[in-house]
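See structure below.
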Amino acid sequence: MVENIDTPALVVDLDKMDNNIRVMSENARQAGITLRPHIKTHKSVTIALKQLLAGADGITVAKLGEAEVMHQNGIHDIFIAYPIIGAEKLTRLKKLAERADIKVSLDSVEVAGGISTVAASIGKKIKVYIEVDTGLGRVGKKYGEETLCLVEEIAKLPNIEIYGLMTHAGHAYAAKSQEEMIEITRQEGQYLVETKTSIKSELGIEIPCISVGSSPTSYIGAHVEGVTEMRPGTYVFNDAKLLDLGLVTEENCALLIYATVVSRPAENRAIIDAGSKTLTSDKRIFADGYGLIKGKNGLTVSWLSEEHGVINLPEGIDLKIGDVIEIIPNHVCPTVNLADELIGIRNGEIEEVIAVTARGKNK
């Protein structure tokens, strides 16, 4: 029974999660592009297999450790969307690439050189995505001429197949309106397609895959002609950040943190058993607090210590010691990475316990 769940706990409504998976797969089909979901959100083999069964063409991971766990559990089409550098990691990549369909992203000749050496040692080509900066200002050369020059250099290396251009429009989370988000979505695709066209005309290199990421831009659905793949992750659960952007409702949020009120030291203050080691210290985009309390008219967890969450109570809202509350996390990805398991419920009953299989696989 749900009432018997010990707290703090991460609880997944399986019907809502299954619907989120189905809807995104349908969005990709309607847009005529492939779906390669990012599993860093859930880090679970069980959920990755659900996504593949629903129509995903493969998965995206952030780190080699995640790829290793997924491959050990029968998933073979894996895109590692992170630069791989250093002898130890290249040795691990070699073992993976010998047995699985591994693709990797990079944004430098230095990283490409290591990938080329690995590919040569196993006697086959490794497909790479060139990461392009379309506005986030994180990894990647700028779209256009900078990326073209990088592609020209990487194309000289043996045993590398330049398979895709990819970007992550994470700056969509800072959009002030849905119109601005639509523009970011349009730009991320357009910049990649224009860069692909320049590479084809100036270098004679055809790049088959144009890959965009982020759940916000995937929800908007303003896909540019020429985009062939999307890599959203958060959509499987959704969280308070997507709520703030107006892309989902509370009813679309499949993962909740159950927490118990353990103290009422003052009339206007309640303490719960979920602190930063459960909720993380990530803040929302346009609102205060460290987690939105479901069904309490916008009430949030006010501040955190490691094991305590403090809720400043306004007039008219009362919480008693022993009450269990449900919290929508601000940012679900790091929240899940702090947990060993997710409790899956359906129709008010515990149906399964889902292992966070790749938890802590940060390298």
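Identify the single condition in (1) closer than 22 Å to Glu251 by Cα; (2) touching a strand residue (DSSP E or B) at 6+ places or on another chain (Cβ under 9 Å); (3) of a type outside the set (Val, Ile, Thr); (4) in contact (Cβ under 8 Å) with a residue 40 or more places away in the chain that Gly298 does not satisfy, given that it satisfies every other one.
(4)
From Ala54, Ala67, Ala87, which residue is touching a Leu at 6+ places or on another chain (Cβ under 9 Å) and surrounded by fewer than 19 Cβ atoms within 10 Å (Cβ to Cβ)?
Answer to the check: Ala54.
Can you tell which of Ile325, Ile354, Ile345 is at pLDDT 95 or above and under 18 Å from Gly289 (Cβ atoms)?
Only one candidate passes the filter, namely Ile325.
Considering only the stretch 33-51, state which residues are touching a residue at least 60 places away in the same chain (Cβ under 8 Å) and either in a loop (DSSP other than H, G, I, E, B) or open to solvent by less than 10 Å² (accessible area, probe 1.4 Å) (or both).
Within the stretch 33-51, Ile33, Leu35, Arg36, Pro37, Ile39, Thr41, His42, Lys43, Ser44, Ile47, Gln51 meet the criteria.
Could you tell me whether the stretch 252-261 includes any residue that is open to solvent by 40 Å² or more (accessible area, probe 1.4 Å), part of a strand (DSSP E or B) and over 15 Å from His331 (Cβ atoms)?
For the stretch 252-261, residues open to solvent by 40 Å² or more (accessible area, probe 1.4 Å), part of a strand (DSSP E or B) and over 15 Å from His331 (Cβ atoms): absent.
Test each condition in (1) open to solvent by 30 Å² or more (accessible area, probe 1.4 Å); (2) free of Cβ contacts under 8 Å to residues at least 24 places away in the same chain; (3) within 15 Å of Tyr235 (Cβ to Cβ) for Asp13 and report the one that comes out false.
(2)
Can you find, within the stretch 267-325, the residue that is most open to solvent (accessible area, probe 1.4 Å) among those that are hydrophobic (A, V, I, L, M, F, W, C) and closer than 25 Å to Pro216 by Cα?
Looking at the filtered set, the residue picked out is Phe286.
Kindly indicate whether Asp18 is touching a Leu at 6+ places or on another chain (Cβ under 9 Å) and either assigned to a loop (DSSP other than H, G, I, E, B) or open to solvent by 10 Å² or more (accessible area, probe 1.4 Å) (or both).
Here the answer is no, as Asp18 does not meet what is asked.
Name, by its number, the condition in (1) basic (Lys, Arg); (2) at pLDDT 95 or above; (3) under 30 Å from Gly344 (Cβ atoms) that does not hold for Lys283.
(2)
Just a yes or no: is a residue in the stretch 201-210 assigned to a strand (DSSP E or B), in contact with a strand residue (DSSP E or B) (Cβ under 7 Å, 6 or more places away or on another chain) and of a type outside the set (D, E, K, R)?
Scanning the stretch 201-210 turns up at least one residue that is assigned to a strand (DSSP E or B), in contact with a strand residue (DSSP E or B) (Cβ under 7 Å, 6 or more places away or on another chain) and of a type outside the set (D, E, K, R).
Within the stretch 125-166, count every residue that is basic (Lys, Arg) and farther than 23 Å from Arg36 by Cα.
Number satisfying all stated conditions: 2.
What is the residue count in the stretch 169-190 for residues that are open to solvent by 10 Å² or more (accessible area, probe 1.4 Å), free of Cβ contacts under 8 Å to residues at least 40 places away in the same chain and not hydroxyl-bearing (Ser, Thr, Tyr)?
Total meeting the criteria: 7.
Kindly provide the set of residues from the stretch 191-240 that are of a type in the set (Lys, Arg) and open to solvent by 40 Å² or more (accessible area, probe 1.4 Å), ordered by number.
Matches in the stretch 191-240: Lys196, Lys200.
The values are calculated or read from the model by the stated rules, or taken from the named source; none is laboratory data. Computed from a predicted structure; not experimentally measured. When we count neighbours, we look across all protein chains shown, and the Cβ atoms used for this are built from the backbone with ideal geometry, even at glycine. When the accessible area is computed, the model is the full protein with side chains, heavy atoms only, and any ligands, DNA or RNA have been set aside. Shrake-Rupley method; radii C 1.70, N 1.55, O 1.52, S 1.80 Å.
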